[in-house]
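Working notes, structure below.
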């Protein structure tokens, strides 16, 4: 006991008498001498350290992601010195932390970062750019999380790199600052020979700047066309909420990287987003702008209309939220819808995106296992999470992106048909109640908001109990009719043997994944890796051969299948089912009568709202 008291007293006297009573600051210097081999050299300086030892660590998770990613695995050559350059002792109690002792109130930590995955979660460095997600890049000291931060980048010699980030720019074009750790870790950086486009949006008398910082191999014309479409998307999103958020420093930045070998991804942040992909702008893909639309909608929904369960973000553990069906799912719905309102996609394309979400949920076995709330809470298992053991998620799980999108569609159609209101109006209410004041919400508060919005508490309670906390699906076919749309089988009368992908080789087909519970193969006790040798005595050369064979049959009929399971041949009788693929088309194109009221609802739903 006496020894512990003496140690505690010594530590207290050290802290009181130490020059570390100076103001706390954190600074980073980042250079790229070995960029060709994907390395960044980083020096972190922590001043005003007020304890005998300093703990520094690498994050294990990243804003916008919910799983663990163990960023420390890419850090090596760690060394430390004090303010006078004296080497300090560094110990490592676990994989994520380093303990530095013997300092004089200042601790300099230098290390090398390997970075070769330029997506929204990790970091990527090569001769053409440095793509830095902060949690994947920077060591931090938990005891200095409230300290202001400065970062300076030293581009490779003879490069034309500029820097794009939401961090506050300083006088030096390669120096930026953040008020604290949480803001800094939410601020990605792209350094490259960037091509810049920007425009000003006036909103309630306030002018704000929207910027695109593009790293690509395309032409200025392609970037100009991309920018014009982005402008229309921003305008349509502004119309949904009635206003833009007030961006820090009056600026929002799209950090776009479309380079060969770059993973496709998008990641939202408070005043910026990473958008990445390997396809050039010349590919004509709407996927680039689809990601842009999705991530910009997050500037309202999740960055400011934010679940309380994500406040504050925990960088030491996985982050779980029960509200991702709203935060991510509604964003997915609007990301696609607003592409159409911005005249980027056709009516057929938006209806296809709607039926993809609705049809998936209607057909997925997972809806019997977990509610949307429970699906949301599983994000740490699935959000870019990796494991080597097989899982049964194809039967037990539906992505909260897809599930939430389908809920957004159903709620929008319900509000339009039952209350003569829209989901746009409801999102504006959520913005005023939670987003603009930046008050994190709970699900009971969202239910109350829906009750206030519809002036029908019984409806709100029933909706949440059945469709959010419960597993009951919304009446999509009836709702579609009210919107002047027909939800129907895409190929009525078409019989299918398998819902799973088959891998054809040597006149036989191998089941390429675990079978779905509603698949004929599952009912015949077949599973991943089992081999289909023949169907009705005929060998299977390819998918076309199978399709031609099944064209002679109707759903409900049976076929004899010879299979190989665990080295043993056997024959099974399989009952064919109706192809579950659905389509969504205007009633008049389906040969059905549409009322003027339903037609007007459909047109109002899809029409541009931007000024």
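Remarks
- Number of positions in the range 264-313 that are in a helix (DSSP H, G or I), over 22 Å from residue 434 (Cβ atoms) and without any contact (Cβ under 8 Å) to a residue 60 or more places away in the chain: 4
- In summary, residue 147 fulfils each of the numbered conditions (1) in contact with a strand residue (DSSP E or B) (Cβ under 7 Å, 6 or more places away or on another chain); (2) over 23 Å from residue 317 (Cα atoms); (3) not in a strand (DSSP E or B) with the single exception of condition (2).
- All positions within the range 38-63 that are closer than 20 Å to residue 116 by Cα and under 29 Å from the mean Cα position of the chain (by Cα): 38, 39, 40, 41, 42, 58, 59, 60, 61, 62, 63
- Output for the range 162-182, where each listed residue is surrounded by fewer than 20 Cβ atoms within 10 Å (Cβ to Cβ) and modelled with pLDDT of 95 or more: 162, 168, 169, 170, 174, 175, 177, 179, 180, 182
- Candidate set: the range 586-611, residues that are without any contact (Cβ under 8 Å) to a residue 40 or more places away in the chain and not in a helix (DSSP H, G or I); chosen: the one nearest to residue 421 (Cα to Cα): 593
- Residues of the range 31-64 satisfying the condition of being touching a helix residue (DSSP H, G or I) at 6+ places or on another chain (Cβ under 6 Å) and in a loop (DSSP other than H, G, I, E, B): 48, 49, 50, 52, 58, 59, 62
- Matching residues in the range 233-261 - criterion: being touching a residue at least 60 places away in the same chain (Cβ under 8 Å), assigned to a helix (DSSP H, G or I) and surrounded by fewer than 19 Cβ atoms within 10 Å (Cβ to Cβ): 235, 239, 248, 249
- Residue that is part of a loop (DSSP other than H, G, I, E, B), over 40 Å from the mean Cα position of the chain (by Cα) and farther than 28 Å from residue 366 by Cβ, where the choices are 552, 541: 552
- Restricting 558, 538 to residues that are over 30 Å from residue 389 (Cα atoms) and in contact with a helix residue (DSSP H, G or I) (Cβ under 7 Å, 6 or more places away or on another chain) narrows the list to 538.
- Verdict on residue 415 being assigned to a helix (DSSP H, G or I) and within 16 Å of residue 298 (Cα to Cα): no
- Residue match in the range 404-419 (condition: within 14 Å of the chain's Cα centre (by Cα) and either under 20 Å from residue 120 (Cβ atoms) or modelled with pLDDT of 95 or more (or both)): yes
- Flag if residue 120 is modelled with pLDDT of 95 or more and part of a loop (DSSP other than H, G, I, E, B): yes
- Exactly one residue among 89, 121, 51 is in contact with a strand residue (DSSP E or B) (Cβ under 8 Å, 6 or more places away or on another chain), outside the structural domain of residue 379 (by TED's automatic domain parsing) and touching a residue at least 40 places away in the same chain (Cβ under 8 Å), and that residue is 121.
- Among the candidates 106, 165, the residue that is touching a strand residue (DSSP E or B) at 6+ places or on another chain (Cβ under 8 Å), farther than 26 Å from residue 257 by Cα and touching a residue at least 60 places away in the same chain (Cβ under 8 Å) is uniquely 106.
- A Cβ distance below 7 Å, combined with a sequence gap of six or more or placement on separate chains, defines the contacts here; from the range 453-466, residues that are over 17 Å from residue 421 (Cβ atoms) reach residues that are assigned to a helix (DSSP H, G or I) in the pairs 461/447; 464/447.
- Failed item in (1) assigned to a strand (DSSP E or B); (2) surrounded by 12 or more Cβ atoms within 10 Å (Cβ to Cβ); (3) without any contact (Cβ under 8 Å) to a residue 12 or more places away in the chain, with residue 571 passing the rest: (2)
- All of 541, 572 fail the test of being out of contact with any strand residue (DSSP E or B) (no Cβ under 6 Å at 6 or more places or on another chain) and either at pLDDT 95 or above or not assigned by TED's automatic domain parsing to the domain that holds residue 476 (or both), apart from 541.
- Filter result (more than 16 Å from residue 499 (Cβ to Cβ), part of a loop (DSSP other than H, G, I, E, B) and over 34 Å from the mean Cα position of the chain (by Cα)) within the range 522-538: 536, 537
- Residues of the range 8-30 satisfying the condition of being modelled with pLDDT of 50 or more and crowded, with 17+ Cβ neighbours inside 10 Å: 24, 26, 27, 28, 29, 30
- Of everything listed in (1) at negative phi; (2) out of contact with any strand residue (DSSP E or B) (no Cβ under 9 Å at 6 or more places or on another chain), the single unmet condition for residue 455 is (1).
- Evaluated against (1) under 22 Å from residue 294 (Cα atoms); (2) without any contact (Cβ under 8 Å) to a residue 60 or more places away in the chain; (3) buried (at least 18 other Cβ atoms within 10 Å of the Cβ), residue 366 falls short on exactly one condition, (1).
- Candidates are the residues of the range 341-351 that are assigned to a helix (DSSP H, G or I) and over 21 Å from the mean Cα position of the chain (by Cα); the one that is nearest to residue 477 (Cα to Cα) is 351.
- Which listed residue, of 267, 214, is buried (at least 16 other Cβ atoms within 10 Å of the Cβ) and within 12 Å of residue 297 (Cα to Cα): 267
The values are calculated or read from the model by the stated rules, or taken from the named source; none is laboratory data. Keep in mind it's a predicted model, so treat the numbers as computed, not measured. We place every Cβ from the backbone using ideal geometry, glycine too, and count neighbours over all the protein chains shown.
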